Amino acid sequence: MTALAQLPLLPKPRLLAERPLTNRLPAQGYRLTITPAGTQLEAADPAGEFYGRMTLRQLQRLCPTTLPCGVIEDWPDIPLRGVMLDISRDKVPTMATLFGLVDMLAEWKVNHLQLYMEHTFAYRNHREVWAAASPLTADEVRQLDAYCRERFIELSPNQNSFGHFERWLRHPRYRPLAECPAGFTASTGEWRDVPTTLDPTNPATLELLAELYAELLPNFTSRRLHIGGDETWELGKGYSQTTVERHGLATVYLDYLAKLKSLAGAQGCTVQYWGDMVWSRFPDQLGRLDREMMHVDWGYYRAYPFCEHAEKLAAHRIPFWLAPGTGVWGTLVGCNEAALGSNRSAATAARDCGAQGLLNTDWGDGGHWQHLPVSFIGLAAGAALAWHEAGNSDATIRAALDSHVFRDPTGILGRVAWALGDTWKLVSEHATQSNLLDHILRGKSLPAGVTSTTLSATAEHLRAALAELAKARPACAQLVDAFANNAQLALAACRLGQLILAGTSPADPHLAADFATIIAERRRLWLAQNRPGGLEDSLRPLEEQLQAMQKHDPHPLGTGD
């Protein structure tokens, strides 16, 4: 009979030997006992019972006729294990896609889901902001909220309320609320016509947000609101400049967050906010942070100082979550190092320093070019590591992919998806960035270390992956199509890079024809899983690149959304 320790469960549970058997279980814990006489499930609470049933479901998937005998006594390291899904960078999933994602996350014992919104909720009085975005409606949020609750997942709103407000500020009606209404110079030196940051000193800013909160928040049973607050690039450079010069940027920033806290409190909600402005602009003033607001510290690579930051936050008694990421945005085919590295670092720091939660973020920067299945390794790894970091090695997670993520009996798709997630290592001789193929497609200059040899090796790697993908037989055939389309896009980037290195025009009739086919397939896959709003914005840089190929233009267009 199969031993429990050999079964590729996700997340891999603790076995009885790791903890003496007691009658009491920690919160969300369960005890699953399988003997020849039958199966017994004990639980600390209803959530624990649900998680025990999820483990039993996975066992039955692996052993459909005879279950292995043994005892699992299991409980989570971190009480709140969340996922944040970006639904504002062009791609808003259909309800069917969201329901399917919730089912998957629930089986992996994730118990919190945030929907990151900028302009993708159908606010009654602000149609011009979301008219082309296919937003979620209030009724749809309530449906999703109920669906999540049945699976012990808390659905929580994440409405950015300070920076990243450009989808509103591009419209004349809202432009007066901007910190820099005429535009601003980015840190790269590039001039941006569309402002991104709200003016925190303008009373009309708070009036707008009070209206939005009053309409949005009642649709969620969760009493948490993430108000964003990250990357407020223009702060202190426009209308608030005088106030910042007089009182300091930290004071202006924190005073504004306090006002948002009051607005959320009027709706019965507590507040979460991103921590990047604190760490980048006033890290020596942690003592001024409000202990009634949740600090969410994000970092998307293994070496991010989660532990250092967590120790400082704990020392100041500031409640906090840590936020790693799936690492897929800008990569086309994923990045295992970023996904597993950031999630493992965050899970370790969260466990050791007393974080209240861990939020695994899945962003869609640059038009959300990665199809959702490309994020599955990062989502699965985050769930496993948040539940029990010490017991879920990279090898353990990898072994579970085909059984519990891709459901591929051939054992191929998980292996190929993992291989694609290592593609970035081949693109440059330096191998420090995972987004270089994306840069090539956007017509940017070739990064250092990208050579004809590295691009040839990358192309060979991608062709081998595509050949293996054709043999995979997952339960959902669209999984193969999604990975194949992203791999083909990455392969096209290699071919384009070779033309640029050769100093010739990127005009290549075969490449142009293949590129057109890739774009058409992206359109089909998008519409199969997502709403139409945002599709044209996402495809525009690729369409412009195709036009440049067809026109023999040596300088491809398009920098992305």
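Just give me the residues in the range 134-190 being closer than 23 Å to residue 211 by Cα, among the aliphatic types (A, V, I, L, M) and assigned to a helix (DSSP H, G or I), in sequence order. Write out each step before concluding.
The initial filter retains those residues of the range 134-190 that are closer than 23 Å to residue 211 by Cα, namely 134-145, 155-181.
Within this subset, residues satisfying the condition of being among the aliphatic types (A, V, I, L, M) are 136, 138, 141, 144, 155, 169, 177-178.
Once the filter is applied, which keeps residues that are closer than 23 Å to residue 211 by Cα, among the aliphatic types (A, V, I, L, M) and assigned to a helix (DSSP H, G or I), the range 134-190 yields 138, 141, 144, 169, 177.
Per-residue answers, yes or no, for (1) assigned to a loop (DSSP other than H, G, I, E, B); (2) under 19 Å from residue 390 (Cα atoms); (3) aliphatic (A, V, I, L, M); (4) modelled with pLDDT of 95 or more:
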| position | (1), (2), (3), (4) |
| --- | --- |
| 1 | yes, no, yes, no |
| 13 | yes, yes, no, no |
| 90 | yes, no, no, yes |
| 103 | no, no, no, yes |
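Hey, can you tell me all the residues within the range 362-400 that are surrounded by fewer than 24 Cβ atoms within 10 Å (Cβ to Cβ), in contact with an Asp or Glu (Cβ under 9 Å, 6 or more places away or on another chain) and among the aliphatic types (A, V, I, L, M)?
Correct list: 372, 390.
Could you go through the range 208-229 and let me know if any residue there is without any contact (Cβ under 8 Å) to a residue 24 or more places away in the chain and over 22 Å from the mean Cα position of the chain (by Cα).
Narrowing the range 208-229 to residues without any contact (Cβ under 8 Å) to a residue 24 or more places away in the chain: none.
No, the conditions are met nowhere in the range 208-229.
Restricting the range 278-327 to residues that are surrounded by fewer than 17 Cβ atoms within 10 Å (Cβ to Cβ) and of a type in the set (S, T, N, Q), which is nearest to residue 347 (Cα to Cα)?
280
What number of residues within the range 440-496 satisfy the criterion of being over 24 Å from residue 530 (Cα atoms), among the polar types (S, T, N, Q) and touching a residue at least 12 places away in the same chain (Cβ under 8 Å)?
Total satisfying the criteria: 5.
Tell me, please, whether a residue that is among the hydroxyl-bearing types (Ser, Thr, Tyr), not in a loop (DSSP other than H, G, I, E, B) and not assigned by TED's automatic domain parsing to the domain that holds residue 154 can be found in the range 63-85.
So far as the range 63-85 goes, no, none of its residues is among the hydroxyl-bearing types (Ser, Thr, Tyr), not in a loop (DSSP other than H, G, I, E, B) and not assigned by TED's automatic domain parsing to the domain that holds residue 154.
Among the polar types (S, T, N, Q) and farther than 18 Å from residue 383 by Cβ: is that true of residue 262 in this structure? Walk me through it before giving the result.
Details: among the polar types (S, T, N, Q): yes; farther than 18 Å from residue 383 by Cβ: yes.
Spelling it out, residue 262 is indeed among the polar types (S, T, N, Q) and farther than 18 Å from residue 383 by Cβ.
Which one of these is part of a helix (DSSP H, G or I) and touching a Pro at 6+ places or on another chain (Cβ under 9 Å): 390, 400, 419, 395? So that I can check it myself, show each step before the final result.
Values: 390 fails: touching a Pro at 6+ places or on another chain (Cβ under 9 Å); 419 fails: touching a Pro at 6+ places or on another chain (Cβ under 9 Å); 395 fails: touching a Pro at 6+ places or on another chain (Cβ under 9 Å).
After applying the criteria, what remains is 400.
Checking the condition of a type in the set (Lys, Arg), outside the structural domain of residue 373 (by TED's automatic domain parsing) and in a helix (DSSP H, G or I), which residue from 425, 471 passes? Talk me through it step by step, then tell me what you get.
Numbers: 471 fails: in a helix (DSSP H, G or I).
After ruling out the rest, the residue left standing is 425.
Output yes when any residue across the range 51-65 is in contact with a Phe, Trp or Tyr (Cβ under 7 Å, 6 or more places away or on another chain) and either of a type in the set (S, T, N, Q) or within 30 Å of residue 300 (Cβ to Cβ) (or both), and no when none is. Before you say what the answer is, go through the steps one by one.
If we filter the range 51-65 for residues that are in contact with a Phe, Trp or Tyr (Cβ under 7 Å, 6 or more places away or on another chain), which is where we start, we get 51-52.
Adding the requirement that they be either of a type in the set (S, T, N, Q) or within 30 Å of residue 300 (Cβ to Cβ) (or both) leaves 51.
Looking for residues that are in contact with a Phe, Trp or Tyr (Cβ under 7 Å, 6 or more places away or on another chain) and either of a type in the set (S, T, N, Q) or within 30 Å of residue 300 (Cβ to Cβ) (or both), one finds at least one in the range 51-65, hence yes.
Do any residues in the range 529-548 that are without any contact (Cβ under 8 Å) to a residue 24 or more places away in the chain have Cβ atoms under 6 Å from those of residues that are surrounded by fewer than 17 Cβ atoms within 10 Å (Cβ to Cβ) and part of a helix (DSSP H, G or I), where the two are at least six apart or on different chains, and which pairs are they?
Every condition considered, no pair remains.
The values are calculated or read from the model by the stated rules, or taken from the named source; none is laboratory data. Quick caveat, the model's predicted, so the values are computed rather than measured. As a convention, Cβ positions derive from the backbone with ideal geometry for all residues, glycine included, and neighbour counts pool all protein chains shown.
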